[in-house]
Amino acid sequence: LAILCSRFIFHTSASSAGREVLRVSKDYELLEMVPHDTSSFTQGLTYYNEHIYEGTGLEHQSHIFQHDPSDSMTTLRRIPLAPANFFGEGIAYYYIWANDGGDNMRKEHRLIQLTWKNKRGFIYSLDDGGNPKKNDSQSENSSHLKVIREFDYDTVTGEGWGITFLPHTNEFYISDGSHFLSVWDAESLDLKRKIPVKFERKVMVDGELTSESLDVDYINELEFVDFETGGDGTTDRDSGEEGVCSNDDTECNDDTSSPHKQSMRILANVWYQDLIISIHPETGEVERVYDFRDLYPIEQRQKDGADVLNGISLTGAMNGGSEDGVELWITGKLWPNMYRVRLKQHAT
């Protein structure tokens, strides 16, 4: 996939007014750098209620972490994956609507986690808001990050890699190392369809310019974004509130037939590539490639004993439709830092 970096290089500027920029690269601006545990074999990041959640891998080392980005990514909770011999993979925040026993529906906040080859997934409760005291981060009384459901699943390769939630269609998109994204119903977890991810390039054939479609394999960590807002359409990720509405409230009824907005994309990193690709959620077409080779160069990683880029999450910052672009937290396996970046140029 080395062609991806050279094929999609765009040069557009994003407004930096009122925000400190540490470094400017051709595809992003570096806004912040915070410490990251170099023993964490990062498999996925996700954002909820002003916190970053991190899922890590390796047998007997897999955990879910809750970090506070307002305090240099201080770890507030550390939950081991059980059973311990399972290999943790991607995670995603999501919610469901549940009846409160009366005339109202309440929004239940959850986190879902995949495993690599175990074909078992886990769902955790996030319903207490996720704001522990720093000296009481392992409270036995908290329902936060308690496993409330386990489920079995299968994929094209039989493996779980990345996962992200699309609230407007009430679906999960799942990667498995192949060039397919599997789409699950967020409540039943049933497979609805598979989307091949393709990259089109122009080639000369017998003296004529034509298009060639290539499969994009090794799709890994996923993050759904709406470039128009800088978020993902989940309006109360920052509220930590119950989220109550009446049964006839249209906000409670995720319309699975709703078309994706033109500004909605799936961001993904590709295994062993220092890039993030922007995928159309319906067609699977790769429409943009963001080059991160200079974020933490591979030469320095080799010296440090760090591994590949793997970890993408929204930050909670909303751009309100401005030209500022989407903000992300990015890290990798065994990396010493997390990086807050702003992508240049919103999707079109």
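The values are calculated or read from the model by the stated rules, or taken from the named source; none is laboratory data. The model shown is predicted, which means the values in this text are computed figures rather than measured ones. Don't worry about glycine lacking a Cβ; one is built from the backbone with ideal geometry, like all the others, and counts go over all protein chains shown. The accessibility values were calculated without ligands, DNA or RNA, using every heavy atom of the protein model including side chains. Shrake-Rupley method; radii C 1.70, N 1.55, O 1.52, S 1.80 Å.
Looking at segment 84-92, can you tell me whether even one residue there is surrounded by fewer than 23 Cβ atoms within 10 Å (Cβ to Cβ), among the β-branched types (Val, Ile, Thr) and part of a strand (DSSP E or B)? No, the conditions are met nowhere in segment 84-92.
Okay, residues lined up against (1) farther than 18 Å from ILE276 by Cβ; (2) small (Gly, Ala, Ser); (3) at pLDDT below 95:
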position	(1), (2), (3)
LEU1	no, no, yes
ARG7	no, no, yes
ALA14	no, yes, yes
GLY18	yes, yes, yes
THR38	yes, no, no
GLN43	no, no, no
ASN49	yes, no, yes
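Checking THR234 against (1) touching a Pro at 6+ places or on another chain (Cβ under 8 Å); (2) of a type in the set (S, T, N, Q); (3) at pLDDT below 60, only one condition comes out false. Which one? Only one criterion in (1) touching a Pro at 6+ places or on another chain (Cβ under 8 Å); (2) of a type in the set (S, T, N, Q); (3) at pLDDT below 60 is unmet by THR234, namely (3). Considering segment 283-306, the residues that are out of contact with any Asp or Glu (no Cβ under 7 Å at 6 or more places or on another chain) and of a type in the set (Ser, Thr, Tyr) include one that is surrounded by the fewest Cβ atoms within 10 Å (Cβ to Cβ), namely THR283.
Residues that are in a loop (DSSP other than H, G, I, E, B) and hydroxyl-bearing (Ser, Thr, Tyr) were ranked within segment 33-64; the one that is surrounded by the most Cβ atoms within 10 Å (Cβ to Cβ) is SER62. Of the residues making up segment 40-66, not one is without any contact (Cβ under 8 Å) to a residue 24 or more places away in the chain and farther than 19 Å from PHE122 by Cβ. What residue, among those in segment 307-320 that are more than 17 Å from the chain's Cα centre (by Cα) and at pLDDT below 95, is least open to solvent (accessible area, probe 1.4 Å)? Ranking the candidates gives ASN319 first.
For segment 68-83, the set of residues classified as among the hydroxyl-bearing types (Ser, Thr, Tyr) and either outside any loop (DSSP other than H, G, I, E, B) or closer than 18 Å to ASP185 by Cβ (or both) consists of SER70, THR74, THR75, listed by residue number. Across segment 93-126, the number of residues qualifying as surrounded by fewer than 15 Cβ atoms within 10 Å (Cβ to Cβ), polar (S, T, N, Q) and not in a strand (DSSP E or B) comes to 0.
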